[in-house]
Amino acid sequence: MDSGSIDFIDWDNLGFDVVETRSMYYATCHKKKEWEEGNIIPYGTIELSPAAGVLNYGQGVFEGTKAFRTMKDRVILFRPELNATRMGSSTRRLCIPEIGKDFFLSAIEQTLIDNIDYTPPLGKGSLYIRPIVWGTGPALGVKPVDEYTFIVFVSPVGPYFKDNKKRLNLLVTEDYHRAAPKGIGNAKAIGNYSASLLPLTRAKESGFDDVIFLNASNENMIDEISSANLFVLKGNILKTPHLGGSILPGVTRDSVIKIADKIMNLKVQETDVTIEELLDADEIFCTGTAVVVTSVGNVSFQGEDHMIGIAGERSKAEQLKKILLGIQQEEIEDPFGWITPVSAP
Ligand code: COI
């Protein structure tokens, strides 16, 4: 598809916002049978029945991955097979006809290739890839619907948090939970993000960047923030909440665990993380495809601020981020086999 121009993009000032691109991938599944092979269509709005399953009962899941322009002058995808696996489990959990791995990977590759010129220059950001699937068919009673739509769109992005030099100021909320351990917290379900909107909005109104949610079955434990997983460092021990049902199995979470363990010789523990450990940490940071690795400077709990010590290049968060971005931008050797080149050098 050749219409579309990138001339309007200000590569030096990308934020985490929607930039309309040339095209998107579009596929449908009727009567809960197999997915039909989709195709690339012009980027644009879609029509939806007011009775659509997604509008009435939140039957929808999404993914987020990124393509990078690298030092080797090519475009790569970072661990897209993990997004494919998670899309499989999320669709199963939401009773959406399962999106298979190969189908998913082919869809994101087709979308990326048709929009490859929207991938920011090296060091200016990345091309965020958003696969999303939802129930299109009508439902009045609560049930999975008969028809589904799967779209992949992309957007060039810069930092998720506007001032990416500043460490985050987070509020621990005791008023809201994000997800229950036996709910859908471990699926990338759209409803998990709507649950976080009100606490997030209230926190932002009070000057915070995001909200730390506590575990719904044990409020002494932390879960994650609205947009990312959490890590807590004390000495040489790096802890992150284990995948106990309400935690999203983040691709960056997994990558940071492996870099911390194999390259930085930290002792990584996927375990319960208490609020006391959070407040007593040497460092706190969050991880996600969108937020990458972002350090936390302050945590507010029960009206009290807790400043977190180590900042700047000395911090493990900065070192982890440097290695992760180094692998993603092919500045350093990828010892894990995480890179999938998409365009030829
Ligand atoms: C991602 O990191 O890709 C996410 O999906 C978080 C998103 C809600 C911005």
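Pick out, in residue order, every one of the chymotrypsin sites (Phe, Trp or Tyr not before Pro) in the stretch 15-91 that is DSSP loop and has at most 13 other C-beta atoms within 10 Å; say none if there are none.
The qualifying sites: there are none.
Mind scanning Lys124/Lys162; Lys124/Lys321; Lys162/Lys204; Lys188/Lys267; Lys162/Lys239 and naming the pairs with a C-alpha gap bigger than 18 Å?
Distance filter (> 18 Å) returns Lys188/Lys267; Lys162/Lys239.
Please report, largest first and rounded to whole Å, the three semi-axes of the ellipsoid equivalent to the stretch 88-243, where each semi-axis is the square root of five times an eigenvalue of the C-alpha gyration tensor.
29, 25, 16
So for the stretch 174-249, what percent of the C-alpha to C-alpha distances run longer than 19 Å?
Numbers: 947 of 2850 pairs.
Counting every Cα pair in the stretch 174-249, those more than 19 Å apart make up 33 percent.
Contour minus end-to-end for Tyr176 and Asp102, with contour as 0.36 nm per residue of separation and end-to-end as the Cα-Cα distance?
22.9 nm
As a footprinting exposure proxy, order Ile247, Ile41, Ile132 by other Cβ within 10 Å, with the fewest listed first.
Placing the least packed residue first, the sequence is Ile41, Ile132, Ile247.
Can you return the lysines within cross-link range of Lys33? Criterion is Cα-Cα under 21 Å, with same-chain partners fewer than 8 residues away left out.
Lys101, Lys143
For a footprinting-style exposure proxy, rank Trp338, Trp134, Trp11 by other Cβ within 10 Å, fewest first.
So the residues, fewest neighbours to most, are Trp11, Trp338, Trp134.
When a footprinting reagent is the concern and you count Cβ atoms within 10 Å, what order do Val152, Val268 take, fewest first?
Result, fewest neighbours first: Val268, Val152.
Hey, what number do you get for the chain at 222 nm if only DSSP H runs of n ≥ 4 count, each worth -39500 (n - 2.57), divided across all residues, to the nearest 500?
-7000 deg cm²/dmol
How long are the semi-axes of the equivalent ellipsoid of the chain, defined as square roots of 5 times the Cα gyration tensor eigenvalues? Whole Å, largest first. Each step should come with its number before you reach the end.
Values: eigenvalues 202, 134, 65 Å².
The equivalent ellipsoid of the chain has semi-axes of 32, 26, 18 Å.
Does anything in the stretch 13-28 have its amide N under 17 Å from the 7 Å Cα→Cβ label point of Ile41, and if so which residues?
Under cut-off, by backbone N: 21-28.
How long is the gain from Thr85 to Glu333 if the chain were fully straight, where each residue apart is worth 0.36 nm and the alpha carbon distance is subtracted?
Answer, rounded to one decimal: 86.8 nm.
Dividing the alpha-carbon Rg of the stretch 168-328 by 2.2 N^0.38 Å yields what?
Relative to the 2.2 N^0.38 Å estimate, the stretch 168-328 comes out at 0.96.
On each of the three principal axes of the Cα atoms of the stretch 1-114, give max minus min coordinate, whole Å, ordered largest first.
43, 30, 25
Which of the peptides 257-266, 118-127, 157-166 is most tightly packed, and how do the rest follow, judged by the mean count of other Cβ atoms within 10 Å per residue?
Details: 257-266: 16.2, 118-127: 19.0, 157-166: 14.3.
The peptides rank, most packed first, as 118-127, 257-266, 157-166.
Pick out, in residue order, every one of the trypsin sites (Lys or Arg not before Pro) in the stretch 1-81 that is DSSP loop and has at most 13 other C-beta atoms within 10 Å; say none if there are none. Let's see the in-between values first.
On the way: sites: Arg22, Lys31, Lys32, Lys33, Lys66, Arg69, Lys72, Arg74; in loops: Arg22, Lys31, Lys32, Lys33, Lys72, Arg74.
Filter output for the stretch 1-81: Lys31, Lys33.
If you filter the stretch 294-345 for GluC sites (Glu not before Pro), then keep DSSP loop positions with at most 13 other Cβ within 10 Å, what is left? Mind showing how you got there, number by number?
On the way: sites: Glu304, Glu313, Glu318, Glu330, Glu331, Glu333; in loops: Glu330, Glu331, Glu333.
Passing both the DSSP loop test and the Cβ count: Glu333.
Values in this text are rule-based calculations from the coordinates and carry no lab data. In this text the structure is predicted, and so the values were computed from the model without any measurement. Cβ atoms come from the backbone with ideal geometry, glycine included; neighbour counts cover every protein chain shown.
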